[in-house]
Every structure is written in structure tokens, then in C-alpha cells.
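The values are calculated or read from the model by the stated rules, or taken from the named source; none is laboratory data. Remember, it's a predicted structure, so these values are computed and weren't measured experimentally. FYI the Cβ positions are ideal-geometry reconstructions off the backbone, even for glycines, and counts take in every protein chain you see.
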Amino acid sequence: MEQEQQQPPKEVGLLTSRELSQTEQDLLLEIYKNPVVIKHLQILAQNDLMELAGLGTLSNTNETIVKAHATVTGKLAVLATLLSIANTTVTQSEVQPQEE
């Protein structure tokens, strides 16, 4: 019996326009509202905050501190965005735009 060979996914560039279906959007919302996912993201953010607090040590140069600060701040911004999804409520008018 022959097994079907799966084709590797096509590579999609970052600038390629892609959209999620409503079902995919609902699934993502369900995932990010999961308490375990929220707790995990909060732990990651807490770890990044501790890293940020420790950047001011005397063993770091100013350039190192600035680069590390920018990196950690960016990571915290991403985590804050992901955590904000859990607070998102979608209204019916957003799901199905009204026809004029």
C-alpha cells in the first residue's frame, strides 16, 4: 500500500497579502482566551520584566544596555498585544458588516 506524500507548505513572503477566515479568527480568539495561554504569556512577560530590571548592572556598557532595553521592550510590547486579545470582545456587527 502506497502512502501519500505530503507536499511541503508553500513559502509565503512577509509582504504577501493573506487573511484569516472567520473560523480561523474564532479559533485564535478561543486559544488566546484560554487561561493556561494567558498564564504562560504573563510568565513570559514577568521574566522579561525581571530581565529589564537587571539591565542596569555595572558590567554592561551603555550600548549594550540600550540594545537590550530595546529588545526586551519589543518583546514586552508583543506579549502585551497577545494578552490584550483575551480582553477582546467581537460584536456581531464586526463579524458581519451591514449592507447599505
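Can you spot a residue in segment 41-57 that is outside any helix (DSSP H, G or I) and either free of Cβ contacts under 8 Å to residues at least 40 places away in the same chain or under 28 Å from residue 28 (Cβ atoms) (or both)? Yes, segment 41-57 contains at least one residue that is outside any helix (DSSP H, G or I) and either free of Cβ contacts under 8 Å to residues at least 40 places away in the same chain or under 28 Å from residue 28 (Cβ atoms) (or both).
One line per residue, one yes/no per condition, for (1) more than 16 Å from residue 86 (Cα to Cα); (2) of a type outside the set (A, V, I, L, M):
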residue: 20; (1), (2): yes, no
residue: 27; (1), (2): no, no
residue: 36; (1), (2): no, no
residue: 42; (1), (2): no, yes
residue: 46; (1), (2): yes, yes
residue: 52; (1), (2): yes, no
residue: 55; (1), (2): yes, no
residue: 61; (1), (2): yes, yes
residue: 68; (1), (2): yes, no
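The sole residue among 12, 72, 36, 78 that is exposed (fewer than 10 other Cβ atoms within 10 Å of the Cβ), modelled with pLDDT of 90 or more and within 22 Å of the chain's Cα centre (by Cα) is 36.
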